[in-house]
Every structure is written in structure tokens, then in C-alpha cells.
Amino acid sequence: MSNYLLMREKEMQIDSFIKQKLENLKESLLAPPIKLRKTLKIHVQTIGTKDDWLLKIQGRLFGSEIKDSVRFLAFFSNVKVIFEKQDQRYYKNVEWDCQNTESCFDAIHIK
């Protein structure tokens, strides 16, 4: 009988914990996002010739106390490079999609 009561007590603790986490999640989803004004500097560089080229896009968030934890590509879900009509016979348009937001980097290299 005491095992049953112990199991019921643990079940109530787990239910209470889950209910608290759901309430926290609801509050965070309903709260308006915090808007901060910071400067995002972007440096775009092209290297190479007509046949062999590299596009390097890198950036940095200025004025942030947490600048080490925020990666540049965390601000983008995808990057598209679309060439003008006259250049499309030499180059193909390129699209980069961020598959995993936890593994974002400070720069992207498109070749």
C-alpha cells in the first residue's frame, strides 16, 4: 500500500512540473518579443576570376553584451545569390539554407 501512495505522490509531482513548464511556455509565446537596437555590420567580399570565384559574407553584431553567444548566421534562415541574366550562362544561382540553427557560424563561403 505504501508503494502505491509513493507512486501517486510522484505522479502528482510530475503533473505539477509539467503544468508549470506548459504555463511558462505559454507565457513566453504570448509575450511580445523584446526589440533591441543594435548595429549589424556585414562585410561582403568576392575573390577570384570568372571561372573560379568565392563569395564571402561575414558579419558581427555590435553593441551586444552577449556578442560571443550570437553567431552572424543566426540572423538568417537562408541566403540566395541570384546572378543577372547576362551572367546566368556562366554561373548558376546559389541558395544556402541553415539546416541547424545551433551550428551557425560567423561567416559563409559560397563557391
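The values are calculated or read from the model by the stated rules, or taken from the named source; none is laboratory data. In this text, all values refer to a predicted model and were calculated from it rather than measured experimentally. Cβ sites come from the backbone with ideal geometry, for glycine too, and all protein chains shown count toward neighbours.
Of note:
- For residue 29, the conditions (1) at pLDDT 85 or above; (2) exposed (fewer than 10 other Cβ atoms within 10 Å of the Cβ); (3) not acidic (Asp, Glu) all hold with the exception of (1).
- Residue check, residue 1 among the hydrophobic types (A, V, I, L, M, F, W, C) and modelled with pLDDT under 75: yes
- For the range 50-89, residues that are surrounded by fewer than 11 Cβ atoms within 10 Å (Cβ to Cβ) and modelled with pLDDT under 75 total 8.
- Scan of the range 5-30 for residues that are within 20 Å of the chain's Cα centre (by Cα) and aliphatic (A, V, I, L, M), ordered by number: 25, 29
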